[in-house]
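See below for the structure under consideration.
No value in this document is a laboratory result; all are computed from the given coordinates. As the structure is a prediction and not an experimental result, all values here were calculated from the model. For neighbour counting, all protein chains shown are included, and Cβ atoms are generated from backbone atoms with ideal geometry for every residue, glycine included.
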2 protein chains.
Amino acid sequence: MMKALLLIAHGSRREQSNLEVVMLAEKLKQKCSDHYPIIHAGFLELALPLIPEALKKCVDDGATSIIVLPYFLNSGRHVIEDIPTIVNNTERDYPDVEIKIAAPIGASHLMIDLLISSANATE
Amino acid sequence: MMKALLLIAHGSRREQSNLEVVMLAEKLKQKCSDHYPIIHAGFLELALPLIPEALKKCVDDGATSIIVLPYFLNSGRHVIEDIPTIVNNTERDYPDVEIKIAAPIGASHLMIDLLISSANATE
């Protein structure tokens, strides 16, 4: 099995924000490429690659299992409806590839630790 | 010194998203009320309390030192301009209170660990 991570952000008209997402995917590569040999970033809208293209990049790189990581804070419409719909529609093109969608990062049990760490660093 | 944490999110027309922020502030209370006896949530727009009112709540509770935690992923205009401007304008009303603004959570060195943990939990 060849595992891939696909970090999906909303996408912004502000190029710097999109670049921050791409750089975060680069950091993920440095940290966990042993476990996830394929790592890409993609966007729901306003920036490229969009989700279907980003999934295709993972598959073209040889992924047989893809975890989509929604870089979203809240479980709003984008997370509950838009991303699953796009992923499901794209998934049909790759019947041999397993695609799972992680919870949005706001739901992580580590978010509290992250916030406390950020507060402590500010004191 | 009486320390306060003020979690600031963008605010949403979707009440559930705002509630998630309030619940996150509640979790912060459970986790670190020893170090930060005063913890509140507030919003940049679209939900109440807005930042000035939320800062007032901290001061009314006795805070002499407030750390504003921007619950934002990217260092966009809201984080770079809007929140500091509102905080600075409000700060003038409380000359005896020290107010600092933390980095947005997307800048945390723990974000990578959070993403990897979220991916692992999805496998």
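Distances between equivalent label points of B:ILE112 across the copies, with each point positioned 7 Å along Cα→Cβ, amount to 2.6 nm, shortest listed first.
Compared with the dominant principal axis of the Cα atoms in chain A, helix A:51-60 is inclined by about 60°. Per-residue Karplus couplings for the stretch A:66-73, computed as 6.51 cos²θ - 1.76 cosθ + 1.60 with θ equal to phi - 60°, are listed in order as 10, 9, 8, 9, x, 7, 10, 7 Hz, Gly and Pro entered as x.
Net charge around B:HIS40, counting only other residues with Cβ within less than 11 Å of its Cβ (Lys, Arg = +1; Asp, Glu = -1)?
Details: positive: B:LYS29, B:LYS56, B:LYS57; negative: B:GLU26, B:GLU53, B:ASP60, B:ASP61.
Here the count lands on -1.
Normalised Debye scattering of the stretch A:15-123 at q = 0.20, 0.21 Å⁻¹ gives log10 I(q)/I(0) of -1.22, -1.31, counting only Cα atoms as equal scatterers and leaving out solvent.
Electrostatic bookkeeping for A:GLY76 treats Lys and Arg as +1 and Asp and Glu as -1; over the other residues with beta carbon under 12 Å from its beta carbon, the sum is -1.
A point 7 Å from Cα along Cα→Cβ stands in for B:SER65, and the other copies hold the same point at 4.7 nm, listed in rising order.
Measure up A:LYS27/B:LYS31; A:LYS56/B:LYS27; A:LYS31/A:LYS100; A:LYS31/B:LYS57; A:LYS31/B:LYS56; A:LYS3/B:LYS29 against 30 Å on the Cα-Cα distance and list the ones that go over. Before the final figure, lay out each step's value.
On the way: A:LYS27/B:LYS31 28 Å; A:LYS56/B:LYS27 39 Å; A:LYS31/A:LYS100 21 Å; A:LYS31/B:LYS57 41 Å; A:LYS31/B:LYS56 42 Å; A:LYS3/B:LYS29 38 Å.
Those over the limit are A:LYS56/B:LYS27; A:LYS31/B:LYS57; A:LYS31/B:LYS56; A:LYS3/B:LYS29.
For the stretch A:3-11, 3J(HN,Hα) computed residue by residue from phi via the Karplus equation (6.51, -1.76, 1.60; θ = phi - 60°) reads 8, 10, 10, 10, 7, 10, 10, 5, x Hz, glycine and proline entered as x. Between the helical axis of A:111-122 and the longest alpha-carbon principal axis of chain A there is an angle of about 40 degrees. Place a point 7 Å from the Cα of B:ASP96 along the Cα-to-Cβ direction; which residues of the stretch B:35-56 have their backbone N under 19 Å from it? Those under the cut-off are B:37-38, B:55-56.
Computed over the stretch A:5-118, relative contact order equals 27 percent, with contacts defined as Cα pairs under 8 Å that lie 6+ residues apart. Here the translational diffusion coefficient of the protein assembly as shown follows from Stokes-Einstein with Rh set to the Kirkwood radius across Cα pairs; for 20 °C and 1.002 mPa s it amounts to 114 µm²/s. A straight line joining the Cα centroids of the stretch A:1-26 and the stretch B:79-123 runs 20 Å.
How much FRET efficiency would the formula 1/(1 + (r/R0)^6) give for B:ALA121 and A:VAL22, where r is the Cβ-Cβ distance and R0 is 25 Å, rounded to 0.05?
With R0 = 25 Å, the Cβ-Cβ based efficiency is 0.55.
Local charge for A:LYS56 was computed over the other residues whose Cβ lies under 15 Å away, with Lys and Arg +1 and Asp and Glu -1, and equals -4. If a spin label sat at a point 7 angstrom from the Cα of B:ARG14 along the line to its beta carbon, the backbone N atoms of the stretch A:49-71 nearer than 20 Å would be those of A:51-52, A:68-71. Averaged over the residues of A:12-25, the number of partner chain Cβ atoms lying within 10 Å of the residue Cβ comes to 3. A point 7 Å from Cα along Cα→Cβ stands in for B:PRO37, and the other copies hold the same point at 5.7 nm, listed in rising order.
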